[in-house]
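Bear in mind that the values in this text are calculations on the coordinates, not laboratory data. Note that this is a predicted model, so its numbers are computed, not measured. In this analysis, Cβ positions are derived from the backbone assuming ideal geometry, glycine residues included, and neighbour counts consider all displayed protein chains.
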Amino acid sequence: MGRASLVQGHINETVVSKFLLLGLLHLSNIKPAMFGAFLVVFLMTLTGNSLIIWVIRADLRLHTPMYYFLGNLSFLEICYTSITIPNALSNILQDTIAISFAGCMTQVYLFTLCATAECILLAAMACDRYVAICRPLRYTALINRTVCVGLAAFAWMSGFINSTINTILTSRLVFCGSNSIERLYCEVQPLIRLSCGETWLNDIFAMASGAVFGVSCLLFILTSYVFIILVILRMPSRQSRHKTFSTCASHVIVVILYYGALIFMYLLPNTGSSQKVDIAVSLIYSTLTPMLNPIIYSLRNQQVKGALRAAIVGKWVLMSERLGCRRH
């Protein structure tokens, strides 16, 4: 009897070679509009974040710890968008919602890497603002080039290790025919819910990953800003308070967007009504947030706007001079 049950179990177990991304299915009625929207968002994200990286490298005034972390964050946003949008554009053109098993695991790996690195980079930026405002006399000693490179390397290395472990565990899951994911892309948690086998080890590592890199980084950021706000409130003039807080405003907005999306996706109950909200928030999280980050930093930061303006004008003057020399 036991042997018969085992054989029957192997017959029922289906090897899943592809997954269906139902987030694209919900957008099937407006495919031309969605294709155009995805393409515009993709190009704007690449252009905006590339401009931020270029300006930071070109302007010596921006060779500071805060902008070093911002450059890393901009590169990370380019990676985020490149993981999800090209696949969505390809699927819309091919009129399909399928993604191969290998393609799905690649998305899992890269998305987990980027998510982990972003949590640590946002925490590093909060640390930079804390030291600059609360320990200004020791800023150059505490936040130097070696520390910045070390923190950035730690962020990317943590992402690499965390994504490698979670992707290996996810790729070993057993799927028994059910292959529909209520997202626009593949991610660890939806795949764990699809599995028909033992998932306790995956759950442990997923929860540990969320606690170590998500919750702990958020608590660190919140604690840093509690001390920052206390220092700002003790400043004598309103002008000095406004000027000091303005150096943190862009970072605060980015943190709210990023962690707000994470909270909506992972803390909402898994009901039919919340699935549509989950898809919408995952769309914002994976596409709109990477596009908005350079806009937020350029609009809220006078140094970035000034450097960007100077770089564009300088490039235009150089091109004009070269054209003038060719004519003569």
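Amide H neighbours of K18 under 5 Å, counting only residues 5+ apart in sequence or on other chains, H built in-plane at 1.01 Å?
For K18, whose amide H was placed from the backbone, the distant partners under 5 Å are F101.
Which net charge results when you count Lys and Arg as +1 and Asp and Glu as -1 among the other residues whose beta-carbon is under 14 Å from that of T96?
Surrounding charge for T96 is +1.
Tell me, what HN-Hα J-couplings in whole Hz come from the Karplus equation 6.51 cos²θ - 1.76 cosθ + 1.60 at θ = phi - 60° for each residue of the stretch 101-113, using x for Gly and Pro?
Running phi through 6.51 cos²θ - 1.76 cosθ + 1.60 with θ = phi - 60° gives 4, 5, x, 5, 5, 5, 5, 4, 4, 5, 5, 5, 4 Hz.
Among 91-103, 236-248, how do they line up from the highest to the lowest mean number of other beta-carbon atoms within 10 Å?
91-103, 236-248
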